[in-house]
1. Need the full-extension length gain, ILE8 to GLN86, defined as separation in residues times 0.36 nm minus the C-alpha distance. One decimal, nm.
2. Normalised by the number of residues in the range 263-375, what is the relative contact order in percent for Cα pairs under 8 Å and 6+ residues apart?
3. Amide H of GLY247 versus every other amide H placed in the peptide plane: which residues, excluding those fewer than 5 positions away on the same chain, fall under 5 Å?
4. Please list, in order along the range 219-232, the HN-Hα scalar couplings obtained from phi with the Karplus expression 6.51 cos²θ - 1.76 cosθ + 1.60 (θ = phi - 60°), rounded to whole Hz, x for Gly and Pro.
5. Please report the projected area of the range 188-318's Cα convex hull averaged over all directions, in nm².
6. Add +1 for every Lys or Arg and -1 for every Asp or Glu among the other residues with Cβ under 10 Å from the Cβ of PRO251, and state the total.
7. Taking the Cα centroid of the range 21-50 and of the range 110-147, what is the distance between the two, rounded to the nearest whole Å?
8. For the range 268-275, in order, what is each residue's ³J(HN,Hα) by Karplus, 6.51 cos²θ - 1.76 cosθ + 1.60 with θ = phi - 60°, in whole Hz (x at glycine and Pro)?
Amino acid sequence: MTRFSYDILARDGRARRGVISTPRGEIRTPAFMPVGTAATVKAMLPGSVRETGADILLGNTYHLMLRPGAERIDRLGGLHRFMDWQRPILTDSGGFQVMSLSDLRKLSEEGVRFRSHVDGSEHMLTPERSMEIQRLLGSDIVMCFDECPALPADRARIAESMRLSMRWARRSRDAFGDRPGHALFGIQQGGLEEDLRGESAEALAAIGFDGYAIGGLAVGEGQAAMFGCLDYAPGQLPEDKPRYLMGVGKPDDIVGAVQRGVDMFDCVLPSRSGRTGQALTRFGAVNLKNARHRDDPRPLDPECACPCCTRYSRAYLHHVMRSGEIISSMLLTWHNLHYYQELMQGLREAIEAGALDAFAASFHARRAEGDLPPV
């Protein structure tokens, strides 16, 4: 069996071009993971997601444990079979959703007791239970259980939360055990405090993980503050393991984070935007609801090779969005995911060529020009 491994193939400044090897296939990095919250990338067939260039999907432990249930998915052959995605899957730990979505939650050293946002049923999520759920799902990359406090928060609260997460990281590592071919990632916390981030990184490295995530960002602190943290946080983590920035993000967030040494990303933005009429393009965001598009025979992006751009006009996309037709979500989500994967491929090629700064400058200049002028 192929074991989990990570190889760095090229560098450009702090940026890395690499490959993660798993029994279910290779993941080219920098990588963007489309989010399949409830065992589906909304409005997309799994084969279509793969056609956009995605090597790996993200599944959500919190949502899947509540509905349809991890034990049921296990009985039905595991998450890959259940959702017909045979390539790698990363599952988050459930911790962030427990903090942000559930009612009547109570945090303790043991874990978090909470009521489901679905039906009000009571649950207890601990590091051990999170590892059990992710084992039942059969995900290839498992995230350790952590707490993510919302920012802004005072330093004492951030420090207390980070140290609790480090104790939970040890328990996650112990509960995960030895699972050849599967990987466990630790999650760095510490808010925007450089010394707390450093303490967290040291604690995680001492435990030992297959990869390391940067958690607790993109939670309201703004891009400038996030980039300020990313100027040091990736470098605090082990050099020879993948680095994953959780929940990020916008295309310009991704480019800036890659320049700062991040290898993996996930975000609901491309699929969520597609369902609300927003296309993410090399020109920036384009709102297909706007009346300016109703007589426009041009494609959304004449340089894009996705089905949305090669087969349909802006006028058609405007019509089906304003009419509430399901195909609007399908086409715009396909385009957005294709654009993200095209961006990742461009970043990988730029790193290999030692031309990342030039790529980033061109990326920002193109977006600054804005959308095509109206017809």
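The values are calculated or read from the model by the stated rules, or taken from the named source; none is laboratory data. Just so it is clear, the model here is predicted, and its values are computed rather than measured. Positions of Cβ are generated from backbone atoms using ideal geometry, with glycine treated the same way; all protein chains shown enter the neighbour counts. To get the accessible areas, we keep the full protein, side chains included, count just its heavy atoms, and leave off ligands, DNA and RNA. Shrake-Rupley method; radii C 1.70, N 1.55, O 1.52, S 1.80 Å.
1. On the way: separation 78, 0.36 × 78 = 28.08 nm, distance 2.45 nm.
Going from the current span to full extension adds 25.6 nm.
2. RCO, the range 263-375: 33 percent.
3. ASP266
4. 10, x, 7, x, 5, 4, 5, 4, 5, x, 5, 6, 5, 10
5. Details: hull surface 37.4 nm².
Quarter of the Cα hull surface area: 9.4 nm².
6. Counting the neighbours of PRO251, the net charge comes to +1.
7. 22
8. 7, 3, x, 6, 5, 4, x, 7
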